[in-house]
Amino acid sequence: MIDNLKEFWESSLENCSVVPDDLKHRFKNRWVRFHALPNSKRYPELESEYDEIFSRYNLIFRDLIVLSKEVILILPEYSTEKVPQGPEEKLANLFSKWEFWSTNSPYEVGDGEEEYYFHFHAIKIHYSGCELNDIFRLVADDEVGSVMIVAIDEQVVFHPYDGGLDVILPTVGARDALKMNYPNWLSNHPEGY
């Protein structure tokens, strides 16, 4: 799994930074953002709003990947330690097994006295329609961030965040087709944010 993920990242994503927020800038012509809730509401308050998020995200997933397929879920770890320990606790509680994949260069926080590391772990999951809802809920509540889902065969990267879903597609045409399928979920911002 890790070798396939590395190969995909190097070839399809030009070995760019693993930080999810960087992808939309590096691949702007293949990127699209969908809002999680009507009227660009950022955080759900009602169970019906969570259901709307699950529905939107799973519809987009089913539009782009074959059901009953394995996808790779990338789980972050923020740490002052150089050696990875495992995904953030709330994510680790959802999964019993994962593999270390990548560490980004250290970065400084605050007055620069302490370095932080961004480690990423991967797990293969079987996706048939709702297996990611627990992740979507944690992300929607801003309890975890920087989660990504990769469908290697389709060359698609999904990055849910609190308020929406960024998708990196293999071509401009694929991005445009997806945008046409869900125009009411797109941002009104001129640059798509």
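Please treat every number below as a calculation from the coordinates, not as lab data. Just so it is clear, the model here is predicted, and its values are computed rather than measured. All Cβ positions, even for glycine, are placed from backbone atoms using ideal geometry, and neighbour counts span all protein chains on display.
Annotation for region 22-81: chymotrypsin sites (Phe, Trp or Tyr not before Pro) lying in DSSP loop with at most 13 further Cβ atoms inside 10 Å of their Cβ do not exist.
Over 31 Å between C-alpha atoms is what I'm after, so list which of 41/97; 82/179; 124/179; 97/179 land there. Those over the limit are 41/97; 82/179; 97/179. Using the 10 angstrom Cβ neighbour count as an exposure proxy, how do 148, 180 rank, fewest first? Final ranking by Cβ density, sparse to dense: 180, 148.
Computed from backbone phi, the HN-Hα couplings of region 157-174 come to 10, 10, 10, x, 9, 5, x, x, 9, 8, 10, 10, 10, x, 9, 5, x, 5 Hz, rounded to whole numbers (Karplus: 6.51 cos²θ - 1.76 cosθ + 1.60, θ = phi - 60°; Gly and Pro given as x). Whole-Hz Karplus values for region 38-50 come out as x, 6, 6, 4, 7, 10, x, 10, 10, 4, 5, 6, 4 Hz, taken residue by residue from phi with 6.51 cos²θ - 1.76 cosθ + 1.60 and θ = phi - 60°; glycine and proline positions read x. Along the chain, the exposed loop sites are trypsin sites (Lys or Arg not before Pro) outside DSSP states H, G, I, E and B with at most 12 other Cβ atoms within 10 Å, and the longest stretch free of them is 98-193. Once divided by 2.2 N^0.38 Å, the Cα radius of gyration of region 33-74 becomes 1.33. Considering all different alpha carbon pairs of the chain, the Kirkwood hydrodynamic radius works out to 17.2 Å. For the chain, the dipole from Cβ point charges (+1 on Lys and Arg, -1 on Asp and Glu) about the Cα centre works out to 900 debye, to the nearest 20. Helix-only arithmetic for the chain: the sum of -39500 (n - 2.57) across DSSP H runs with n ≥ 4, divided by the residue total, places the mean residue ellipticity at 222 nm at -8500 deg cm²/dmol.
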